[in-house]
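Please read the structure below before turning to the comments.
The values are calculated or read from the model by the stated rules, or taken from the named source; none is laboratory data. Note that the coordinates shown come from a computational prediction; the quantities given were computed from them, not determined experimentally. Using ideal geometry, Cβ is built from the backbone for each residue, glycine included, and neighbour counts are taken over all protein chains shown. What goes into the accessible areas is simple: the full protein's heavy atoms, side chains included, and nothing from ligands, DNA or RNA. Shrake-Rupley method; radii C 1.70, N 1.55, O 1.52, S 1.80 Å.
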Amino acid sequence: RAFHDQGARGVRVTLFTGAGGGMDLALFDRVIAGIAPHGWSVTLHAMPEQLIEAAEWIAKIPIPVVIDHFGRIDVDRGLDQPGFRAYLDLVREPHVWAKICCAERLTKTGHPYDDVMPFVHATVAAAPDRLIWGTDWPHTQRWAPGEMCDDGDLVDLVPGDGARRRDAPAHAGRQPGPPVRLLRRRCRPIPCPNASPTWRRWKSS
């Protein structure tokens with residue numbers, strides 16, 4: 001409750017051991033049960049293999065879910081790789097949102113991130129009304145000269161309202177497209193059609 005009163009509206013859990021996390025679904029269920037009455041969401045940081053393994057569990061989470069970083073896919077393996085198919089199936093669920101972020105970490109070719117764009121377009125097509133843009137600013141993992149990315153370039157990757165499509169002519173200006181909801185400074189509840197009555201009462205208050 002103290003965190004909620006200070007403005008917190010969600011938690012982020014890591015499902016793989018490489019970042020100090022792990023697939024402890026029983027622990028995550030306890031966390032979700034604790035935050036659900038406050039109307040929070042849960043963000044999942046997972047590798048493709050964890051998304052595949054936990055897909056059934058994620059589909060049943062009773063609060064809004066955000067999946068980070070396109071599920072950390074390998075862009076060299078293409079759109080048909082099992083992990084990305086599992087990711088797309090999940091973001092089609094009405095309570096699951098996709099965070100379009102970290103192209104600079106997924107790319108193998110660097111700016112302008114053309115190898116990431118097919119995954120961006122596939123994500124927008126799968127969940128055009130459940131998208132969040134995010135950034136890893138201040139990009140503390142970028143050390144080499146010239147490696148630091150421009151967050152303006154990253155926001156321009158999003159093919160939707162308020163962002164120019166990469167394939168549009170330079171003179172075309174900003175193009176209309178699927179609606180994209182960008183993160184704003186003030187936290188807002190993320191809609192969840194499968195929310196519990198407690199969550200619905202909080203949202204309407």
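Only residues that are open to solvent by less than 10 Å² (accessible area, probe 1.4 Å), more than 27 Å from GLY152 (Cβ to Cβ) and not β-branched (Val, Ile, Thr) were counted across segment 91-100, and they come to 1. Scanning segment 58-77 for residues that are out of contact with any Cys (no Cβ under 9 Å at 6 or more places or on another chain) and open to solvent by 40 Å² or more (accessible area, probe 1.4 Å) returns LYS60, ASP74, ASP76, ARG77.
Filtering segment 55-102 to residues that are among the acidic types (Asp, Glu) and closer than 18 Å to ASP129 by Cα leaves ASP68, ASP89, GLU93.
Residues that are more than 19 Å from ILE58 (Cβ to Cβ), small (Gly, Ala, Ser) and either in contact with a Ser or Thr (Cβ under 9 Å, 6 or more places away or on another chain) or buried (at least 18 other Cβ atoms within 10 Å of the Cβ) (or both) within segment 1-38 comprise just one, GLY20. Check whether at least one residue in segment 49-62 is small (Gly, Ala, Ser) and either in contact with an Asp or Glu (Cβ under 6 Å, 6 or more places away or on another chain) or at pLDDT below 95 (or both), and report yes or no. Yes - at least one qualifying residue is present in segment 49-62.
Taking segment 79-118 as the range and being without any contact (Cβ under 8 Å) to a residue 40 or more places away in the chain, β-branched (Val, Ile, Thr) and not in a helix (DSSP H, G or I) as the test, the residues that pass are VAL96, THR107, THR109. For segment 119-151, a residue qualifies if it is open to solvent by 20 Å² or more (accessible area, probe 1.4 Å) and assigned to a strand (DSSP E or B), and exactly one does: TRP133.
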